[in-house]
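Written out below as structure tokens is the structure these notes cover.
The values are calculated or read from the model by the stated rules, or taken from the named source; none is laboratory data. The shown structure was predicted, so the numbers you read here are calculated from the model rather than taken from an experiment. Glycine gets a Cβ as well: all are built from the backbone with ideal geometry, and neighbour counts include every protein chain shown. Heads up: the accessible areas ignore ligands, DNA and RNA and are worked out on the full protein's heavy atoms, side chains in. Shrake-Rupley method; radii C 1.70, N 1.55, O 1.52, S 1.80 Å.
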Amino acid sequence: MRKIIFYHEDNDKQFLSLILKNLSAQYSVTLTGENAVITAGSGADLFIHESIGLQTVQSPDTILVFSEHCVPSKPLNIDASVICIASSGNADLLKMLADTHARVITCGMSGKDSVTYSSKSDYAISISLQREMLNCTGQIIEPLELVFSLEEHYRSYELLTYAAILILLGVISECPKLEIPIY
């Protein structure tokens, strides 16, 4: 079973909605949080948990996604096999994650970021994977460019993170020839 944990400081329901609506096309998604348990879709099991006060993640092969400005109040205890997705603009979080030895994938607009975007309009975004990435199935993914067509407005960091999740889960393993719709 694939596992994703969303760590955020505020109640970011739009991003969780993006994930639930779009990943339920490939997975049977179970989302747990403070106030709800939701299951949607069909396919392989994907467990998603949202947390506000997380301190320990000792769950191998888990993707730990941090909201853009999230900085935990206490040091984190994270298994080295956990893959963390974080904003490159969040220096305090990146410093904290460096002490955990977990693998970190940065999303942002820097040339040093693993996932960035090259163009964005109201209706589409071109997202680039700038360096090789090992996904959760052990496959090496070469640098690629994705084009997402958008039906709703999402923040850039949310879309970069979503693209990183798709690549890590193995949903995308090579450059698709068509635009990928996001609902």
Checklist entry - Does segment 119-183 come out rounded, prolate or oblate by the C-alpha gyration tensor, with a ≥ b ≥ c the root eigenvalues, rounded set by a/c under 1.5 and, if not, prolate when a/b is larger than b/c and oblate if not? => result prolate
Next on the checklist: Using only the Cα atoms of the chain, what semi-axes does the equivalent ellipsoid have when each is the square root of 5 times a gyration tensor eigenvalue? Give whole Å, largest first.
Outcome noted: 23, 20, 16
Checklist entry - Between residue 48 and residues 5 or more places away or on another chain, which pairs have amide H atoms under 5 Å apart, with H built 1.01 Å from N, and which residues are they? => result 4, 30, 31, 32
Checklist entry - Out of the DSSP beta bridges found with both residues in the chain, what percent are antiparallel (nearest 5)? => result 35
Item to check | Loop-exposed GluC sites (Glu not before Pro) per DSSP, neighbour cap 15 Cβ within 10 angstrom, longest uninterrupted part of the chain | outcome: 35-131
Item to check | segment 132-144 - phi-based ³J(HN,Hα) in whole Hz, Karplus 6.51/-1.76/1.60, Gly and Pro as x | outcome: 4, 9, 8, 7, 5, 8, x, 7, 7, 9, 6, x, 8
Next on the checklist: Could you give each residue of segment 49-56 its phi-based ³J(HN,Hα) in whole Hz, using Karplus coefficients 6.51, -1.76, 1.60 with θ = phi - 60°, and x for Gly or Pro?
Outcome noted: 10, 9, 9, 10, x, 5, 10, 10
Next on the checklist: Under a Cβ-only charge scheme (Lys and Arg +1, Asp and Glu -1), can you give me the dipole magnitude of segment 80-122 about the Cα centre, in debye to the nearest 20?
Outcome noted: 100
Item to check | Under-5 Å amide H pairs with residue 89, H placed in peptide plane, nonlocal only | outcome: none
Checklist entry - With contacts defined as alpha carbon pairs under 8 Å and 6 or more residues apart, what's the relative contact order of the chain in percent? => result 16
Checklist entry - Taking the Cα centre of segment 29-145 as origin and charging only Cβ (+1 Lys, Arg; -1 Asp, Glu), how large is the dipole, in debye to the nearest 20? => result 240
Item to check | Under-5 Å amide H pairs with residue 57, H placed in peptide plane, nonlocal only | outcome: 77, 78, 79
Checklist entry - What does a probe at residue 120 reach in segment 42-83, counting residues whose amide N is under 11 Å from the point 7 Å along Cα→Cβ? => result none
Item to check | Alpha-carbon Rg with Dmax, taken over segment 1-93, Å | outcome: 13.1, 38
Item to check | Computed lengthening from residue 132 to residue 42, 0.36 nm per intervening residue step minus Cα-Cα distance | outcome: 29.4 nm
Next on the checklist: For a quick check of understanding: with a 1.4 angstrom probe and all protein chains in place, what accessible area in square angstrom does residue 109 have, to the nearest ten?
Outcome noted: 120
Item to check | Positive-pole candidate from 102, 90, 1, dipole of the chain, charges at beta carbon | outcome: 102
Next on the checklist: Less than 18 Å apart at the alpha-carbon level, and either on another chain or at least 8 residues along: which aspartates and glutamates does that give for residue 13?
Outcome noted: 34, 50, 68, 151, 152, 158
Checklist outcome for this item: Percent relative contact order for segment 20-116, counting Cα pairs under 8 Å at least six residues apart, stands at 18
Checklist entry - Within straight cross-link reach of residue 95, meaning Cα distance under 22 Å, which lysines are found once same-chain residues fewer than 8 apart are removed? => result 74, 112
